[in-house]
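Each remark here refers to the structure printed beneath this line.
The values are calculated or read from the model by the stated rules, or taken from the named source; none is laboratory data. Because the structure is predicted, anything quoted here is derived from the model rather than measured. Note that we place each Cβ from the backbone using ideal geometry, even for glycine, and neighbour counts take in every protein chain shown.
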Amino acid sequence: MELVFATNNKHKISEITAILPKGFILKSLSDIGFSGDIPETNPTIKENASQKSHFIYDRYKTNVLAEDTGLEIEALNGAPGVYSARYAGEHCSFEDNVKKVLSEMEGKTNRNARFITIISLILFDNEYFFQGIVNGKIIDKKIGGGGFGYDPIFIPNRYNETYAQMSTELKNKISHRALATQKLIEFLKSRTI
Ligand code: IMP
């Protein structure tokens with residue numbers, strides 16, 4: 001069965017391809033001839049994931065999955081949240097976003113935060129959601145050179161290093177995206193029996 005992953009991120013495609021049950025073939029947007037950006041204009045992560053999967057479904061009538069991720073910080077009332085990618089402005093870098101968070105967190109004693117990923121899957125006309133959440137803390141400076149985005153300032157609970165200090169293998173095993181993906185895979189496996 002073919003599934004389109006509504007992303008241009010090759011890393012994400014290979015991550016899921018590696019653990020997909022037998023019989024499923026994952027296609028990228030370029031595999032189906034789509035180029036350009038998919039709108040993400042909703043106020044929640046779940047609605048954005050759904051918007052992305054529906055955008056492709058409406059045009060290609062294919063089984064499709066899409067995901068959206070955000071970092072929610074308690075002391076910032078859930079920001080950057082759905083605006084995680086463009087927190088410091090429209091064309092900002094990961095570095096700009098991290099700087100903005102660090103400056104807004106200056107002097108804050110509540111450092112609690114969580115990463116949340118929601119996957120929307122449209123399979124034969126029905127939509128299903130899979131969620132992965134990792135709770136942790138925002139530290140007061142960047143540590144670690146791996147990963148991307150907010151990884152250098154986030155320490156997941158029960159660990160004593162940032163996502164950016166972890167090996168790729170470890171992060172890909174315990175991350176918010178990994179948890180959501182594992183639920184998706186379990187669901188797909190149950191559909192192949
Ligand atoms: P996306 O929905 O996966 O594109 O994620 C939106 C934004 O959240 C990204 O631009 C990153 O800034 C941030 N982000 C997503 N996943 C991660 C992660 O695993 N670590 C750190 N930051 C992330």
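Has region 24-31 got any residue that is surrounded by 20 or more Cβ atoms within 10 Å (Cβ to Cβ) and modelled with pLDDT of 95 or more? The answer is yes, given that some residue of region 24-31 is surrounded by 20 or more Cβ atoms within 10 Å (Cβ to Cβ) and modelled with pLDDT of 95 or more.
Every listed requirement among (1) in contact (Cβ under 8 Å) with a residue 12 or more places away in the chain; (2) on the phi > 0 side of the Ramachandran plot is met by Lys141 save one, (2). For region 146-170, a tally of residues being within 7 Å of the ligand (Cβ to nearest atom) and in a helix (DSSP H, G or I) returns 2. Scan region 1-31 for residues that are out of contact with any Leu (no Cβ under 8 Å at 6 or more places or on another chain) and part of a loop (DSSP other than H, G, I, E, B) and the total you get is 8. Take the residues in region 35-62 that are surrounded by 16 or more Cβ atoms within 10 Å (Cβ to Cβ) and at pLDDT below 95; name whichever of them is farthest from Gly132 (Cα to Cα). Across region 35-62, the extreme among qualifying residues is Ile38.
Applying the set (1) in a helix (DSSP H, G or I); (2) touching a Lys or Arg at 6+ places or on another chain (Cβ under 7 Å) to Ala49 leaves exactly one unmet item: (2).
The number of residues in region 1-18 that are touching a residue at least 12 places away in the same chain (Cβ under 8 Å) and either within 19 Å of Phe129 (Cβ to Cβ) or within 12 Å of the ligand (Cβ to nearest atom) (or both) comes to 9. In region 144-159, the residues that are more than 17 Å from Met105 (Cα to Cα) and touching a residue at least 40 places away in the same chain (Cβ under 8 Å) never reach a residue that is near the ligand (Cβ under 9 Å from one of its atoms) and of a type in the set (Lys, Arg) with C-beta atoms less than 7 angstrom apart, at least six apart or across chains. Being within 24 Å of Pro80 (Cβ to Cβ), at pLDDT below 95 and not in a helix (DSSP H, G or I) is a property that Gly136 lacks. Filter region 51-88 down to the residues that are over 19 Å from Ser35 (Cα atoms) and away from the ligand (no atom under 13 Å from the Cβ) and list them by number. Matches in region 51-88: Glu74, Ala75, Leu76, Asn77, Gly78.
Looking only at residues in region 92-133 that are within 20 Å of the chain's Cα centre (by Cα) and assigned to a loop (DSSP other than H, G, I, E, B), which one is surrounded by the fewest Cβ atoms within 10 Å (Cβ to Cβ)? Top of the filtered list is Ser93. The single condition among (1) out of contact with any Lys or Arg (no Cβ under 6 Å at 6 or more places or on another chain); (2) of a type in the set (Gly, Ala, Ser); (3) closer than 24 Å to Ala113 by Cβ; (4) surrounded by 14 or more Cβ atoms within 10 Å (Cβ to Cβ) that Gly89 does not meet is (4).
The requirement of being touching an Asp or Glu at 6+ places or on another chain (Cβ under 6 Å) and either touching a residue at least 12 places away in the same chain (Cβ under 8 Å) or over 28 Å from Phe187 (Cα atoms) (or both) is not satisfied by Ile133.
Considering only region 6-22, I want to know if a residue exists there that is surrounded by 13 or more Cβ atoms within 10 Å (Cβ to Cβ), in contact with a Phe, Trp or Tyr (Cβ under 8 Å, 6 or more places away or on another chain) and under 14 Å from Glu127 (Cβ atoms). Yes, region 6-22 contains a residue that is surrounded by 13 or more Cβ atoms within 10 Å (Cβ to Cβ), in contact with a Phe, Trp or Tyr (Cβ under 8 Å, 6 or more places away or on another chain) and under 14 Å from Glu127 (Cβ atoms).
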